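To keep things clear, I will list the structure first and then write my remarks on it.
The values are calculated or read from the model by the stated rules, or taken from the named source; none is laboratory data. On a predicted model such as this, the values are computed, not experimentally measured, just so you know. Cβ sites come from the backbone with ideal geometry, for glycine too, and all protein chains shown count toward neighbours. Please note that ligands, DNA and RNA were not included when accessible areas were found on the heavy atoms of the full protein model with its side chains. Shrake-Rupley method; radii C 1.70, N 1.55, O 1.52, S 1.80 Å.
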Amino acid sequence: MAFFLRSLSGEADIPRIVDLVNTVDPEPASIETFRERYCKAPPGGLSPIVAIDLTGQIAGYATISHAPFANCFWLRIIVDPSKRHQGIGSRLYNSVLTIAQAHAVTQIISEVRENCVEGLQFAQHRNFQITSHMQVSRLYVATFDESRFNGTVEAVAQTGIRFFTLADIAMTPEIQRKHYELHCDCAIDNPATADWRAPSFESYCQRVFQSPQFRADGHVIAADDDKWVGLSALEYYPHTRSMHNAFTCVHRAYRGRHIALALKLLTMRAVRASDVDYIYTNNDSTNIPILIINRKLGYRIEPGIYMLSHFL
């Protein structure tokens with residue numbers, strides 16, 4: 001198949017790129033969420049590349065940028081399913097690899113859905129190694145029976161833990177800092193963040209509080225007196241009528257007290273109040289405690305995601 005490569009040309013290319021992204025991602029993106037997620041990457045991003053076929057259509061897409069919260073670069077290559085096995089993916093990869101090497105990139109990470117056998121083979125043929133597996137789970141609001149958990153939140157509250165959302169308090173820089181510090185403290189021993197490094201406070205605020213998906217009432221906090229000991233954070237996606245449980249954590253000194261379950265139950269109340277159809281989440285497959293909670297709540301397991309790494 002004849003094709004050529006060029007840099008992403010901006011707005012005119014985005015709708016087609018979104019179509020390609022939606023052939024592989026568990027959740028469909030909108031043009032707006034794509035702009036936010038990929039076009040406003042942190043400093044260090046390199047120019048995305050597209051493959052154009054003889055009809056002038058984008059047949060493939062590749063991008064590489066500095067991975068948020070990790071000391072490496074993130075690679076993504078997507079080829080139209082109807083145009084695979086024709087050399088497009090290889091050309092895109094070789095081109096991006098050359099760019100990465102010119103910028104002294106030493107490690108590249110990527111991901112592939114576990115049900116995409118050809119994608120995994122493509123990556124492994126280029127010396128990418130599986131580093132972890134993320135379980136994708138979804139819970140439909142209509143099927144959730146909160147009565148099975150009557151008294152759970154109240155029982156935790158009786159131990160001295162109080163719950164509130166960011167909508168209940170003033171969003172001051174001090175509050176944002178407490179959110180940031182709790183997240184960083186808990187992320188250290190999260191199996192999904194083995195290569196994680198703490199972001200700057202400024203970049204954290206940009207990605208969390210300044211995101212279009214941010215909802216103050218979707219950030220539930222657990223506190224022991226004035227000390228924040230747990231949180232569960234939701235992202236809102238109106239184009240799919242859904243919410244993403246982006247992170248749930250409890251300070252290690254407070255684990256085993258059903259605080260995480262209470263936090264997730266309270267996020268379900270926020271989900272219902274937002275009139276969405278479902279909530280979804282991704283968790284490391286070795287994070288057994290949170291997976292057990294998800295099963296109790298009724299999350300359905302879907303094809304997961306292999307996380308991959310390659311050292312240059």
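Yes or no: the range 163-174 includes at least one residue that is buried (at least 17 other Cβ atoms within 10 Å of the Cβ) and either in contact (Cβ under 8 Å) with a residue 60 or more places away in the chain or out of contact with any helix residue (DSSP H, G or I) (no Cβ under 8 Å at 6 or more places or on another chain) (or both). Yes: the range 163-174 contains one or more residues that are buried (at least 17 other Cβ atoms within 10 Å of the Cβ) and either in contact (Cβ under 8 Å) with a residue 60 or more places away in the chain or out of contact with any helix residue (DSSP H, G or I) (no Cβ under 8 Å at 6 or more places or on another chain) (or both).
Taking the range 140-162 as the range and being surrounded by fewer than 17 Cβ atoms within 10 Å (Cβ to Cβ) and aliphatic (A, V, I, L, M) as the test, the residues that pass are Ala142, Ala155, Ala157.
In the range 83-98, the residues that are closer than 13 Å to Val50 by Cα reach residues that are open to solvent by 60 Å² or more (accessible area, probe 1.4 Å) and assigned to a helix (DSSP H, G or I) with C-beta atoms within less than 7 angstrom, at least six apart or across chains, in these pairs: Gly89/Phe122. Looking for something under 25 Å from Ala142 (Cβ atoms), buried (at least 17 other Cβ atoms within 10 Å of the Cβ), out of contact with any Cys (no Cβ under 8 Å at 6 or more places or on another chain) and at pLDDT below 95 - is there at least one such residue anywhere in the range 204-213? Yes, because at least one residue in the range 204-213 is under 25 Å from Ala142 (Cβ atoms), buried (at least 17 other Cβ atoms within 10 Å of the Cβ), out of contact with any Cys (no Cβ under 8 Å at 6 or more places or on another chain) and at pLDDT below 95. Taking the range 263-280 as the range and being open to solvent by 30 Å² or more (accessible area, probe 1.4 Å) and farther than 21 Å from Val156 by Cα as the test, the residues that pass are Arg272, Ala273, Asp275, Asp277.
In a residue-by-residue description of the range 82-89, the property of being among the hydrophobic types (A, V, I, L, M, F, W, C) and crowded, with 19+ Cβ neighbours inside 10 Å applies to at least one position. Tell me whether the range 109-120 contains one or more residues that are part of a loop (DSSP other than H, G, I, E, B), over 22 Å from Gly304 (Cβ atoms) and under 25 Å from the mean Cα position of the chain (by Cα). No; the residues of the range 109-120 include none that is part of a loop (DSSP other than H, G, I, E, B), over 22 Å from Gly304 (Cβ atoms) and under 25 Å from the mean Cα position of the chain (by Cα). From the list Ser309, Ser203, Ser211, the lone residue that is in contact (Cβ under 8 Å) with a residue 60 or more places away in the chain and in a helix (DSSP H, G or I) is Ser203.
For Val105, the conditions (1) more than 21 Å from Ile64 (Cα to Cα); (2) out of contact with any His (no Cβ under 7 Å at 6 or more places or on another chain) are fulfilled apart from (1).
Only one entry of Val141, Val156, Val136, Val117 meets the criterion of being touching a Pro at 6+ places or on another chain (Cβ under 7 Å) and among the aliphatic types (A, V, I, L, M), and that entry is Val136. Taking each residue of the range 134-155 that is modelled with pLDDT of 95 or more and looking for partners that are part of a helix (DSSP H, G or I) and among the polar types (S, T, N, Q) with beta-carbon atoms closer than 7 Å, six or more apart or interchain, yields Ser137/Asn294.
Restricted to the range 214-236, and to residues there that are hydrophobic (A, V, I, L, M, F, W, C) and touching a residue at least 60 places away in the same chain (Cβ under 8 Å), the residue that is nearest to Asp277 (Cα to Cα) is Ala222. Being open to solvent by less than 70 Å² (accessible area, probe 1.4 Å), in a strand (DSSP E or B) and either touching a residue at least 40 places away in the same chain (Cβ under 8 Å) or closer than 30 Å to Ile64 by Cα (or both) is a condition met by no residue of the range 252-262.
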